[in-house]
Each structure stands twice: as C-alpha cells, then as structure tokens.
Amino acid sequence: MATEKNAQVAATTDERTMRRARRQALMDAGINPYPIASEVTAHAAELEGRYAELEDGTDTEDVVSVAGRIRALRKQGKAAFIVLEDVSGSIQLFCRHDVLGDDGWSLISNLDLGDIIGATGTVMRTRRGQLSISPSSLTMLSKSLRPLPEKFHGLTDREVRYRQRYVDLIMNPEVRDVFRKRSQIVSLIRRFMEADGYMEVETPMMHAILGGANAKPFVTHFNALDRDFYLRIATELPLKRLIVGGLERVFEIGRNFRNEGMDLTHNPEFTSMEAYCAYGDLSTMKRLSQDLFKMIAREVCGCEEGHEVITYQGQRIDMSGTWASRPLSEIVSECVGETVGMDTPIEHLRELCEARGIEVQPSWGAGKLLFELYDELGEKTIVNPTFVCDYPEEVSPLSKRKAEDPRLTDRFELVIAGHEYANAFSELNDPVDQAGRFAEQVAAKGMGDDEAMGYDYDYVRALEYGMPPAGGIGYGIDRMVMLFCDQPAIRDVLLFPAMKPETVTRADIEAQVAGVVTDNEAASVDAIAEDSGKVTAAMAEGSEALAAGITRDAALALLAEHNSEPFHIEHGETVGGVMRQFALEIDPDNADFWEVVGILHDLDWEEHGDDPVGHTTYAAELIRDAGGSEALVRAVQSHNSDNNPDLPSPELPMEKVLFAVDELTGLIGAAVIMRPSKSVMDFEVKSLKKKFKDKRFAAGCDRDVIRKGADLCGWELDELFSRTIDAMKAIAPDRDTFGR
C-alpha cells in the first residue's frame, strides 16, 4: 500500500513538473497564462436550450464566447475535440487547424486537462449530433499546474474531499448541486420570514458574557478592552432584547460557535436561525415551522402542495397535513411499555433506566430521568415531523412553566427522522425568575460545569423594563439542508467543515516555491516552514522494527512484581490490549512492542505515584534491569513528559496513542462500572461524552490530557472515543468490566 501511494505521489510530482514547463513555454512564446481580461457571452446550458432544434451537421453564423475548465481533450489529425465545463454544464469545442490558424493550433499543444480557457467561435452541430462551438480563437485564462485526480468520488476519499473542497466541486457535479440547493434554501427562508412580517437583524459575534445556551465556548482576547470575550454560542439574548425594544418580530441567520466534538450532525461552527414573535406562543412557532418546511419541500424537492413527501436516507418522510404534537412522557411510555410521567415514583424511573443500560445520578429528579429515557430511547423512533412537547422544567431552564403543571414547561422540539431540527419556547419574561435561573447557572459553573451560562445583568435589566409574552424558536440550518438534500453528515453540507490540521512537509513547500522569481528578497524554504507553524515531517507509512527486549509474559510478571493492587495490574493489561488493537491497524509489524509498552507504562506508579516528576524515571531502571530495550524505556517515559520536561515527548505514532488512551481507558472503565450491565459491550460514544463533560465524574482522569492526546494523534475527540471503545470491546470477552 505504501509503495502504491509513493508511486502515485511520484507520478503527480512528475506531472506537475511537466505542467510547469508548459507554463514556462507559454510565457517564452509571449502568452500570459493568467491574463486579466476574459469574455463570456454564453453558457453551456443556455446554448443547449437555445439550439435544441438545430439539425445534425448544421453550421450557424452565430458567434459566442464561452469559458470554462478542460475536462477532456482529444486530437485527431488537423482536428481537436475539447470538452469545456462551465458553471451550467459542458459544451464541446470542435477545433480545426484551418479555422484556428497556426497560433491557435499551437496553443493546443500546451493545454492540459484542468486548464481554464476561453473560446470564441460559431455555434454548430456535428454530423453525429453533438452541439459544438467551432472556435476561431482560443485564450489561455488559467494554467492548471496540478493534475485532476482520476478518481475523487466515494467514501474512501471523504477526508480529502472535505479538505480540498475545491477539487470535490470540480470532480463531483452532485456536490455542486447540494450547495446550490443550500443557497436556495437560505434564500427561501429569508423571503418566507420577511413575508410573514419578521425583520432580519444582526447581533454581535463576540459576547462578554456566556449565554443563550448550555455549551462550551471558544474564547478570544479583545485587546482594546484587555479582556476575554466568547464567540457566541446562541443569538437568543440579544434578539430578545430587541423584543423588549418594540421590534415585535425579528430573526437572524448566522454563525454560532461551540467548542465541542464533531459527529454526523455537529460541527463546532454552524449556522442557525433564531426567530422571536411578540404576543406569540408555541402554537405560533408550530405554524411557522410547518409552513416553512412544507414550502422548502415544494420549492427545493419539487413536492406538490398538500403532498409534501420526501426521502431521507431511505426513509419516507411525510410532511403533509397537520404535524403531530406529543408529550415527551407519552413517547417514553411507548418505549418502556407502561404509562410513566412526572408522578411515577423516582425509584421506579431509576429502575427503568438501569434496566435499559442508562446511567443515572442520585441527584436526578423525575424530570431528568424521564428526559434521559426519551433521549436514549424515544427520539430515534420518530420518523415523520413531530412536535415533542411538555419537557420537564429540570431540563428547560429558559422556558416558562406550564400553568396546569409547573413541573413541565411550555416548550417543544421538532423531531424528524430521529433528529432534532428546532427548539421552541414560550419565552421566560419574568425578570425575577430569570435572575434566579441565572444564579443557578453560576452555581453550576462554580461546581465545574464549563457549559453553564454567566449572570447577564443587562439582560435581566432589559426584562425589568417589560418584555411582552413571546414565542421563540431556533432552527439548525445545516441539519435542514441535510434533510432536504438527503445528505448523511453535516460535513456534506458545509463547504469548509472543521478539519484536523493537515500535515505539510518541507518538501511540499519546496515544490511550490522552486524556481519562483520575486521582485523583492524571498524567504528561504526553511524560514517558510518555520513561519507556517504547522509544517511537520510527515508521519512514515510504517516504522522500523521495534524490539522491547522482553516478552508480553515477562512484562506482566514485572508489572505484578511491583504492583499489588489489582486495579493497577488490570489497568496495565487493559492499556496493553488497547495498544495492540491500535497497532494492528496503524503499525501491525510492531503490535507486540505496542502491547508491552501499554502493560509497563505505569510500572512504577504504585511505588512512586506520589512523585509525578519522577514517575517513569524509576520505571526506566526497572525495565533496563529486566532486559528491556532503550526504545521501550523511551516509549514508557514519553507519556509523562508533561510533568517532567526532561523526558522525551511523544513523537512516534505509538507514543502518541499511549498518551491519548492512558487516561481515556480509565475514564471509560469508571463509566462502565456505573452501568447496570457492568459491561463495555453496550457502551456508546454518546454515554462517554456525557461523562467527559461532567468534571465531577472520575475527576482524577485529566480531560485536558485526553484532549491533547487526540490532538497529538490528529483525531477529533469523537474519533478517539469511538476507536478506544472499539478497542476495549475487542479485548473484553473474558473481562468486560475493566475495573470491577
């Protein structure tokens, strides 16, 4: 596999060299490969429509100018056929030497697939029925120095497709269609809202106080004010200030930022729309949602009015008619097979949770327990649009309580195909109640909840002037686009989704700047590499054979010799097994070495764990005395370099994985033994993410170390979580509790 990839890289490099030579040949001939001026008077689709009735073998005298990217080129004697692709489609250029002349004909010799050219000529249809342009002149508009990939479609290329979206758009017309539809959907939403009397507004991207949602923020420093600000996590509080000010219907479509994980439906930077209607309520928001989604289904998906039916990932979604409104407790009752609600004894709700593998906390009340049952079991059962109503107050801190039962709130979430698409409230407008809820949030923050809101004095002051009753709603625009474009992941509807940093080598930079002539003094390749801050040596496809010097059995015996606590021995076995599973995928030739490193990484912990700086320095001597290699010593010591800067930092893939999974396996083990099954086999990433966010749970497992480990490996947290859980499941058949 490595040889094949190296051959591909070499071929691409050779092709780039030849294209640069052709670029230079054009310049030597007095042709600018990147001119300023260009002319376009027609597009491919327009010409196809205009000349649909043109008979085969017919020439016209109609002269047009087109421009686009060369997607195919074939020479045949004194004729050449070029397929030119523009934003609307493709058109053939039927090039003839006698029409182009010597200069135009010679240009064809320096053309490559991917070049952008302009052509002026007459419209014709060939004898074989192909609508074409017979150019009298060709103009080079942009010389392409990189060859287009032969294959750029399919799941195996997703990582590259997301990172190089420009190539994805060139190669895959269906991707271009998705983003055209996205633009259309956003435009339709704006027109719909304005027609309904809403005014579009803009609110600040940077907030001095965290508010409007429970989420971990991105923090930035405002130099002029010399204080930290937060990139906004929601637009809610500024918009409701405008309701106080008398703007009765407002909405905003904009970016929000949440410093959290990424998965199929979440991206740290995302687009939402929030809307607020004075003197409205939940029924107002239901009508708004129904009408908005049905309109998009008709305009984007071609549905007929009254029959708004679409397909999403193989599921038939019927949006027609009046959408169902169902209490959360009713959905939970269906899932557990008995009637439950706020009056159900808490102990019984706990039993229902535990019987279904849902972890619970002793402090949770009936509302939180019901919500967890719904979140884990109920939401995914909903297919057609449903307003899930009557959320417990315990999980709805910003919504008004229901008059008939103050334990519930006047709130709904719109759920379609098992996913939430909107969250709506009858907005809280009592300033005293709001002040108390902010105070509760600050208390939660003081207990380690880094997603809790701050106390917004100005917002409470605004409410003290009086805010009319209002309905409010927030929509996830990215998820809406996924739904109407039938896309499985949020990255498929974001032009530039968040990605882990790309590895760029010094050789990559050198290939780009080689031979560059500048007007002023240019930096060296080394200086450019250093300046980039992200240029690192590429990780080798494989690594040299690594010898531990001792066997797995000898490592286990050494671990037992210096550790009497069963937990410490089991932790070493677990990390060793997990390391082997990662090695089988990343570095299979060294799987034995990876496992021994995992077994011995905390060899000296029981005897010297109270000395964090000395940790692993004592282990080094024990390993050497047992015949262990220096490579083994280095690998073990690398995972403690944060506490002791004299130790080697993680550099090899194996060392980075050890750094990442050491703390994480402990956290997973602690979470697993809290489950009714006491097994990792039914443990999911969703559950782990909840435990990761709760700093009070397994407080000894350093979350920052886990985050750094993910960064070292170049993985998102969700990917590290998923791969580590899978590795623990793979070694679990005989002991699947990991810390009983």
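Quick note: the coordinates plus some simple rules give every number you see, no bench work behind them. Just so it is clear, the structure is predicted and the values come from calculations on it, not from any experiment. When we count neighbours, we look across all protein chains shown, and the Cβ atoms used for this are built from the backbone with ideal geometry, even at glycine.
Could you pull out which residues in region 699-721 have an amide N less than 18 Å from a spot 7 Å beyond the Cα of ASP375, following the Cα-Cβ vector? Of the residues in region 699-721, 718 have backbone N under 18 Å from the label point off ASP375. Summing Cβ point charges (Lys, Arg +1; Asp, Glu -1) relative to the Cα centre of the chain gives a dipole of roughly 2140 debye.
Take each peptide in 472-480, 399-407, count the other Cβ atoms within 10 Å of every residue, and average; sorted highest first, the result is 472-480, 399-407. For region 2-142, the square roots a ≥ b ≥ c of the C-alpha gyration tensor eigenvalues yield an a/c of 1.5 or more together with a/b exceeding b/c, which makes the shape prolate. The stretch between ASP531 and SER679 holds 48.4 nm of extra length on full extension. This uses 0.36 nm per residue minus the Cα-Cα distance.
Sort HIS562, HIS571 by Cβ crowding within 10 Å, fewest neighbours at the top. Let's see the in-between values first.
Values: HIS562 19, HIS571 24.
Final ranking by Cβ density, sparse to dense: HIS562, HIS571.
Would you indicate which of [x] 13, 37, 35, 15, 1; [y] 15, 42, 34, 9, 0; [z] 13, 29, 32, 16, 7, 3, 0 is the value of P(r) over Cα pairs in 20 Å bins from 0, in percent derived from the coordinates of this structure? Matching entry in [x] 13, 37, 35, 15, 1; [y] 15, 42, 34, 9, 0; [z] 13, 29, 32, 16, 7, 3, 0: [x]. The Cβ shell under 11 Å around TRP594 holds other residues with a net charge of -4, Lys and Arg each +1, Asp and Glu each -1. Projecting label points 7 angstrom from Cα along Cα→Cβ for ASP726 and SER136 puts them 6.2 nm apart.
Among VAL513, VAL633, VAL578, VAL360, what is the fewest-to-most ranking by other Cβ atoms within 10 Å? Spell out each step's value before the answer.
Details: VAL513 13, VAL633 23, VAL578 29, VAL360 19.
Ascending number of Cβ neighbours within 10 Å: VAL513, VAL360, VAL633, VAL578.
For region 646-740, the list of GluC sites (Glu not before Pro) that fall in a loop by DSSP and count at most 11 other C-beta atoms within 10 angstrom is empty.
For LEU148 and SER109 in one chain, what is 0.36 nm times their gap in residues minus the Cα-Cα distance, to one decimal in nm? If you can, show how the numbers build up before the last one.
Values: separation 39, 0.36 × 39 = 14.04 nm, distance 1.82 nm.
Result for the pair: 12.2 nm of gain on full extension.
Set the Förster distance to 22 Å, then compute FRET efficiency between ARG356 and HIS266 from the Cβ-Cβ distance, nearest 0.05. Computed FRET efficiency for ARG356 and HIS266 comes out at 0.35. In the chain, a dipole from Cβ-located charges (positive for Lys and Arg, negative for Asp and Glu) runs towards its positive end, and of GLY49, SER564, ALA234 it is GLY49 whose Cα lies farthest in that direction. Among the trypsin sites (Lys or Arg not before Pro) in region 656-701, those placed in a DSSP loop whose Cβ has at most 10 other Cβ atoms within 10 Å are ARG696.
If I stretch the segment between LEU169 and GLU202 completely, what's the gain in nm (0.36 nm per residue apart, minus their alpha carbon distance), one decimal? It would help to have the intermediate numbers written out before the result.
Numbers: separation 33, 0.36 × 33 = 11.88 nm, distance 3.05 nm.
That works out to 8.8 nm of additional length.
When shorter helices are ignored and each DSSP H run of at least 4 residues is given -39500 (n - 2.57), the per-residue value for the chain at 222 nm works out to -12500 deg cm²/dmol.
This ranking places THR265, THR616 by how few other beta-carbon atoms lie within 10 Å of each, fewest first, which gives THR265, THR616. FRET efficiency for the ASP177 to ARG255 pair, using the beta carbon distance and R₀ = 25 Å, is estimated at 0.60.
Using DSSP, restrict attention to beta bridges with both residues in region 2-142 and report what percent are antiparallel, rounded to the nearest 5. Show your work: numbers first, answer last.
Numbers: 32 of 34 bridges.
About 95 percent, rounded to the nearest 5.
Distance between the pseudo-spin-label points of ASP642 and ASN32 (7 Å out from Cα toward the beta carbon): 5.5 nm.
Once the other residues with Cβ under 11 Å from the Cβ of GLU308 are scored (Lys, Arg +1; Asp, Glu -1), what is the net sum?
Numbers: positive: LYS294, ARG298; negative: ASP291, GLU299, GLU304, GLU305, ASP318.
Within the 11 Å Cβ shell, the charges total -3.
At an R0 of 25 angstrom, the distance between the Cβ atoms of GLU606 and ARG634 translates into a FRET efficiency of 0.70. Neighbours of SER65 by Cβ distance under 13 Å: Lys/Arg scored +1, Asp/Glu scored -1, total -4.
Could you pull out every whole DSSP H run in the chain that spans at least 18 Å of Cα extent along its own axis and averages 1.0 or higher on the Kyte-Doolittle scale? Can you show the working numbers first?
Numbers: long enough: 2-28 (39 Å, -1.15); 173-195 (33 Å, -0.39); 282-301 (27 Å, 0.07); 431-446 (22 Å, -0.40); 566-586 (30 Å, 0.10); 653-672 (27 Å, 1.05); 717-730 (20 Å, 0.00).
Those that pass (Cα extent of 18 Å or more, hydropathy at least 1.0) are 653-672.
Note on SER649 and PHE567: the model spin-label points, each 7 Å out from Cα along the C-beta direction, lie 3.1 nm apart.
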